[in-house]
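J.: Quick one: the structure is below, and I'll ask about it shortly.
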Amino acid sequence: MPLPPAPSRRAALLAPEAFAITAPARAPQPPVSAPIAQEPARAPSAARARRKPQRPEPALAAAAAHAAPPPPTQVETRARASGTRQRQGANAASSAGPSVAPPIPSGARSKKPAAQGPAKLFVLDTNVLLHDPTSLFRFEEHDIFLPMIVLEELDSHKKGMTEVARNGRQASRTLDALAAAAQGADMAQGLRLDSTGQRAAGGHLFFQTAALDYSLPISFPPGKADNQILGVVQALRTLHTPREVVLVSKDINMRVKARALGLAAEDYQNDKTLEDGDLLYAGVLALPPDFWAKSGKNMESWQSGAQVYYRIGGPVVAQLMINQFVFFEAPGEPSLFARVSEIREKTAVLRTLKDYGSTRHAVWGVTTRNREQNYAMNLLMDPEIDFVTLTGTAGTGKTLLALAAGLTQVLDERRYTEIIMTRATVSVGEDIGFLPGTEEEKMGPWMGALDDNLEFLAKGDGGNAGEWGRAATNELIRSRIKIKSMSFMRGRTFLNKYVIIDEAQNLTPKQMKTLITRAGPGTKIICMGNLAQIDTPYLTEGSSGLTYAVDRFKGWPHGGHITLARGERSRLADFASEVL
């Protein structure tokens, strides 16, 4: 096959005036207070990085397609000769549509698909920065606009030792670092959000540097900060039509007022690990009904001690994770209850479980009553598991199982030196005020669940030893359990401790990270909670620290999770959990 003819013009032989060709003139820039995106047009996405991108409205797409004429062919030639995509050519190509887009060099291809449509302009409310100081870098390629009233509110919230004050100071430092990285550049052109090393942020940050013209209804007092932010959003939408301008706020009433004015408003959702709590990793997988028929022929099995191991293959391996529990129950077929101990390419190794429902294997006098409790006890008693998360409704036995396993491993097996228990001090109703005494005495009223379960465990272990025997048992148990407050956890390191974090659903992801990173060598941490009973304001099932920990630790060889499904407290408690 003959080779194609050589090109008639080479890039090295182009005349100097050929390199001076630029894209067609763009529309004049708006005033200082009305920024225009400087980045190439990309596909619009939601406020957080994980949300699935949505298609732009037809009206916006049509307006973007006819905003500028197609670029000349010289621009394409120049892009090929230089080996890099020029900003002018990219902007012109995105305005003309995908049919005339300049080619991308092979060395500069990105992982994302070709972009279509203009980038959005997000206006952030103050509560977003106070909720997540790093929210400036969570909007992918889109631009961010901060009204001047937001900076004023941010300045008024930075004093104090609360979490809100710390977030306000961190947000102010982030803004200062972005301004310093610009090195005296024109603020009206925007500050590059990736100038401080945040490569995930591809947009620009704009500040309000002049008054904007807007008109709100008389029922919106102009002196209120929320109404001023709404006015800025309204003015920006008028200036940047057809570009989409979106208000991002954690305040529900703020979003309602924005929609009443016909403005686009969204909640800040980057802090949410999951959109729906039903998608949370349960830690259990039911094997298909034809499991033995398909996997039994090529299955390998061997025994090591009291455990039996099975090496399986097939399509079910792609659904498995390390330390995930699997079970198979069918009439006329042998049952299987196992845990995934190893995954290698297309095969997985299952290890059978120890039956803690038998009285021979009782843990501190406690036997498991259902399948999920047995799974949890296998995780709690395994010395190779350093982190365990337990979720479930009220009465499923989370605290009792964790305490029984802890007492056995501290007092009988001497695996850990002591039990440390803490919890989030978030009250259900109104606060009763300051509590007197030492740290443990102040935490006493919050540890009612601990007292109730210790009373049951001490009674079961003491048997008929009499009053003196029960008192001695209680004293021994109390000497090995320390109650600590989360407020004093920063900087601590726990060595060979059995740490129980109760009511973990009320913790934020930042607090959860602070507690888990206290673990030293030989320490085991158990996080327990009921995601249906969140009392902390602004926390939901998707943004709770417990959900965050479960999602991040799934599949880790030294961590495990189980969702307890059936309540065992009483028939009254079970019925109340279902109908109330």
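The values are calculated or read from the model by the stated rules, or taken from the named source; none is laboratory data. The shown structure was predicted, so the numbers you read here are calculated from the model rather than taken from an experiment. Positions of Cβ are backbone-derived with ideal geometry, glycine not excepted, and every protein chain shown enters the neighbour counts. Surface areas here come from the heavy atoms of the whole protein model, side chains and all, with no ligands, DNA or RNA. Shrake-Rupley method; radii C 1.70, N 1.55, O 1.52, S 1.80 Å.
J.: Count, please, the residues in the range 535-567 that happen to be open to solvent by 70 Å² or more (accessible area, probe 1.4 Å) and either on the phi > 0 side of the Ramachandran plot or of a type in the set (V, I, T) (or both).
T.: So the answer is 1.
J.: Where residues in the range 228-249 are buried (at least 18 other Cβ atoms within 10 Å of the Cβ) and assigned to a loop (DSSP other than H, G, I, E, B), which of them is nearest to the chain's Cα centre (by Cα)?
T.: My answer is S249.
J.: Test A225 against the criterion of being open to solvent by 30 Å² or more (accessible area, probe 1.4 Å), in contact with an Asp or Glu (Cβ under 7 Å, 6 or more places away or on another chain), in contact (Cβ under 8 Å) with a residue 12 or more places away in the chain and not acidic (D, E), and give yes or no.
T.: Details: open to solvent by 30 Å² or more (accessible area, probe 1.4 Å): no; in contact with an Asp or Glu (Cβ under 7 Å, 6 or more places away or on another chain): yes; in contact (Cβ under 8 Å) with a residue 12 or more places away in the chain: yes; not acidic (D, E): yes.
When the stated conditions are applied, A225 does not pass them.
J.: E503 versus (1) over 19 Å from the mean Cα position of the chain (by Cα); (2) surrounded by 21 or more Cβ atoms within 10 Å (Cβ to Cβ); (3) acidic (D, E): which is the lone unmet condition?
T.: Of (1) over 19 Å from the mean Cα position of the chain (by Cα); (2) surrounded by 21 or more Cβ atoms within 10 Å (Cβ to Cβ); (3) acidic (D, E), only one is false for E503: (1).
J.: Restricting the first residue to the range 250-263 and requiring it to be among the acidic types (D, E), which pairs with a second residue that is open to solvent by less than 50 Å² (accessible area, probe 1.4 Å) meet a Cβ separation below 7 Å and a spacing of at least six or different chains?
T.: Qualifying pairs under 7 Å: D251/D125; D251/N127.
J.: With F488, F575, F494 as the choices, which residue is over 18 Å from the mean Cα position of the chain (by Cα), crowded, with 21+ Cβ neighbours inside 10 Å and not hydroxyl-bearing (S, T, Y)?
T.: Result of the check over F488, F575, F494: F494.
J.: Within the range 511-521, is even one residue closer than 21 Å to Q269 by Cα and surrounded by fewer than 18 Cβ atoms within 10 Å (Cβ to Cβ)?
T.: yes
J.: Okay, moving on. Restricting the range 299-321 to residues that are without any contact (Cβ under 8 Å) to a residue 24 or more places away in the chain and over 32 Å from the mean Cα position of the chain (by Cα), which is most open to solvent (accessible area, probe 1.4 Å)?
T.: Q303
J.: On the basis of being surrounded by 11 or more Cβ atoms within 10 Å (Cβ to Cβ), within 15 Å of P557 (Cβ to Cβ) and among the hydrophobic types (A, V, I, L, M, F, W, C), does L353 make the cut?
T.: No.
J.: Could you list, in sequence order, all residues of the range 370-420 that are closer than 17 Å to V284 by Cα, charged (D, E, K, R) and surrounded by fewer than 24 Cβ atoms within 10 Å (Cβ to Cβ)?
T.: Those that are closer than 17 Å to V284 by Cα, charged (D, E, K, R) and surrounded by fewer than 24 Cβ atoms within 10 Å (Cβ to Cβ): R371, E372.
J.: Checking the condition within 23 Å of A532 (Cα to Cα) and at pLDDT 95 or above, which residue from V388, V426 passes?
T.: Among V388, V426, only V388 is within 23 Å of A532 (Cα to Cα) and at pLDDT 95 or above.
J.: Any residue in the range 370-384 that is under 15 Å from A404 (Cβ atoms) sitting within a Cβ distance under 7 Å of a residue that is modelled with pLDDT of 95 or more and among the charged types (D, E, K, R)? List the pairs, counting only those 6 or more apart or interchain.
T.: Listed by first residue and then by second, the contacts come to N378/R339.
J.: If I ask for residues that are in a loop (DSSP other than H, G, I, E, B), free of Cβ contacts under 8 Å to residues at least 60 places away in the same chain and over 16 Å from P315 (Cβ atoms), which ones from the range 343-364 would you list?
T.: At the first step, the residues of the range 343-364 found to be in a loop (DSSP other than H, G, I, E, B) are 345-346, 353-358, 362, 364.
Okay, now just the ones that are also free of Cβ contacts under 8 Å to residues at least 60 places away in the same chain, so 345-346, 353-358, 362.
The answer is L353, K354, D355, Y356, G357, S358, A362.
J.: Kindly provide the set of residues from the range 195-212 that are out of contact with any helix residue (DSSP H, G or I) (no Cβ under 8 Å at 6 or more places or on another chain) and either at pLDDT below 85 or open to solvent by 40 Å² or more (accessible area, probe 1.4 Å) (or both), ordered by number.
T.: G197, R199, A210, A211
J.: Quick one: in the range 284-298, which of the residues that are touching a strand residue (DSSP E or B) at 6+ places or on another chain (Cβ under 8 Å) and under 16 Å from L336 (Cα atoms) is surrounded by the fewest Cβ atoms within 10 Å (Cβ to Cβ)?
T.: The selected residue is A286.
J.: Now a separate question. Out of the residues in the range 138-174 that are among the hydrophobic types (A, V, I, L, M, F, W, C) and free of Cβ contacts under 8 Å to residues at least 24 places away in the same chain, which is surrounded by the fewest Cβ atoms within 10 Å (Cβ to Cβ)?
T.: Here is the first cut: in the range 138-174, the residues among the hydrophobic types (A, V, I, L, M, F, W, C) are 139, 144-146, 148-151, 154, 161, 164-165, 171.
Of the ones still in play, those that are also free of Cβ contacts under 8 Å to residues at least 24 places away in the same chain are 161, 165.
Details: M161: 6, A165: 14.
Per the stated criteria, the residue is M161.
J.: Sticking with this structure for a sec: Which residues, taken from the range 517-543, are more than 25 Å from G395 (Cα to Cα) and in contact with a strand residue (DSSP E or B) (Cβ under 6 Å, 6 or more places away or on another chain)?
T.: R518, A519, G520, T523 - these are the residues of the range 517-543 that are more than 25 Å from G395 (Cα to Cα) and in contact with a strand residue (DSSP E or B) (Cβ under 6 Å, 6 or more places away or on another chain).
J.: Same structure again: Filter the range 545-580 for residues that are farther than 19 Å from E372 by Cα and in contact with a Leu (Cβ under 6 Å, 6 or more places away or on another chain) and give the result.
T.: Of everything in the range 545-580, just one residue is farther than 19 Å from E372 by Cα and in contact with a Leu (Cβ under 6 Å, 6 or more places away or on another chain), namely G545.
J.: Same structure, new question: What number goes with the only condition from (1) closer than 30 Å to Q319 by Cβ; (2) of a type outside the set (D, E, K, R); (3) at pLDDT 90 or above; (4) open to solvent by 30 Å² or more (accessible area, probe 1.4 Å) that L279 does not pass?
T.: (3)
J.: Now for a separate question. I'd like the full set of residues that are more than 16 Å from T174 (Cβ to Cβ) and at pLDDT 90 or above, limited to the range 128-142.
T.: Correct list: H142 only.
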